[in-house]
1. Looking only at the range 63-83, count every residue that is part of a loop (DSSP other than H, G, I, E, B) and open to solvent by 60 Å² or more (accessible area, probe 1.4 Å) and tell me the total.
2. Quick one: count up the residues across the range 115-131 that are part of a helix (DSSP H, G or I) and either open to solvent by less than 60 Å² (accessible area, probe 1.4 Å) or modelled with pLDDT under 95 (or both).
3. Name, by its number, the condition in (1) out of contact with any Phe, Trp or Tyr (no Cβ under 9 Å at 6 or more places or on another chain); (2) open to solvent by less than 40 Å² (accessible area, probe 1.4 Å); (3) of a type outside the set (A, V, I, L, M, F, W, C) that does not hold for residue 86.
4. What number of residues within the range 43-85 satisfy the criterion of being among the acidic types (Asp, Glu) and either touching an Asp or Glu at 6+ places or on another chain (Cβ under 8 Å) or at pLDDT below 95 (or both)?
5. Which pairs do you get when a residue that is at positive phi, found in the range 88-108, comes within reach of a residue that is in a helix (DSSP H, G or I) and at pLDDT 95 or above, reach meaning Cβ atoms under 8 angstrom, with the pair 6+ apart or on two chains?
6. Need at least 2 residues that are open to solvent by less than 40 Å² (accessible area, probe 1.4 Å) per element, so show me which strands (runs of 3 or more DSSP E) inside the range 1-62 make the cut, counting only ones lying wholly within it.
7. Any residue that is among the charged types (D, E, K, R) and touching a residue at least 40 places away in the same chain (Cβ under 8 Å) - is there at least one of those in the range 34-49?
Amino acid sequence: MKLIASLVSPYARKVRIVMAEKKIDFELVLEDVWSETTTIQQFNPLGKVPCLMMDDGGAMFDSRVISEYLDILTPVGKLMPSSGRERAEVKCWEALADGLLEAAILVRLEKMRPTRQQSPEWIKRQWSKVEAGLKAMSVGLGEKNYCVGNHYSLADVAVGCALGWLEFRFPETKWKDNYPELLRLYEKLSERQSFKDTFPQ
C-alpha cells in the first residue's frame with residue numbers, strides 16, 4: 001500500500017500513527033496539495049490528503065475512513081472496540097478532535113491572507129470552536145488515563161494529533177496552561193514511538 005500524505009497534515013499524521021501502531025508496512029508518498037503541479041485529484045477528487053492507495057489500484061480517502069479500515073486489517077494493536085457504545089465513544093472523540101482541527105486550520109488559512117482582507121469575526125468564530133473543543137476534551141478526559149475506557153485507542157491518537165498540530169502551528173496558544181488534563185495525556189502520548197516518529201516537520 002501507498003499513503004499519499006503531507007508531513008504537516010494532522011489528518012495524515014493520524015493515519016501514519018495508526019499504521020505504525022498496527023505494524024502495517026506502506027510506502028509514504030509526499031504530496032503538496034497546494035502546488036500547481038499536484039496530482040492528488042487523480043486519486044481523491046476532493047484534493048486532500050491523506051489518501052491510501054490499495055494494492056489493487058483503488059483509492060481510499062478521509063482519515064477517519066482509512067483509520068477504521070486499517071484497524072480491521074490485522075488484530076495487532078487494536079485501536080477500536082468491535083461494536084457497541086464504546087466504539088461510538090471512540091468515534092465521537094475522533095470527530096471532536098478532527099472538528100477542532102478543521103476550525104484551527106480555517107483560522108490559519110484566514111491569517112495567511114493579506115491583513116486587510118482578513119475577517120476578525122470569522123477568525124473569532126472559528127477559534128471559539130477550538131476553545132470549546134479543548135474544554136470539552138478536557139472535561140471528558142477528567143482524571144482518566146485515556147479518552148475511552150482504560151486503554152489506548154484511536155480516540156487518543158486523534159486527540160494527540162490535534163494537540164500536536166496546535167503546538168506546531170499555534171505555539172502561542174495557552175492550552176497546556178489552561179487544560180492540565182490534556183497536557184497530562186499529551187505528555188504520555190508523546191512518549192510513544194509512533195508519535196515521536198511522526199511529529200510535523
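The values are calculated or read from the model by the stated rules, or taken from the named source; none is laboratory data. No experiment lies behind these values; they were computed from the predicted model shown. Please note: Cβ atoms are built from the backbone with ideal geometry, for glycine as well, and neighbour counts cover all protein chains shown. Just so you know, the surface numbers come from the protein's heavy atoms only, side chains and all, with ligands and any DNA or RNA stripped out. Shrake-Rupley method; radii C 1.70, N 1.55, O 1.52, S 1.80 Å.
1. Here is the first cut: in the range 63-83, the residues part of a loop (DSSP other than H, G, I, E, B) are 74-83.
Remaining after also requiring open to solvent by 60 Å² or more (accessible area, probe 1.4 Å): 75-76, 78, 82-83.
Summing the residues that are part of a loop (DSSP other than H, G, I, E, B) and open to solvent by 60 Å² or more (accessible area, probe 1.4 Å) in the range 63-83 gives 5.
2. So the answer is 4.
3. (2)
4. So the answer is 2.
5. Once the first residue is at positive phi and sits in the range 88-108, no partner that is in a helix (DSSP H, G or I) and at pLDDT 95 or above comes close enough.
6. 2-5, 51-53
7. Here is the first cut: in the range 34-49, the residues among the charged types (D, E, K, R) are 36, 48.
After this cut, where a residue has to be touching a residue at least 40 places away in the same chain (Cβ under 8 Å) as well, the list is none.
No.
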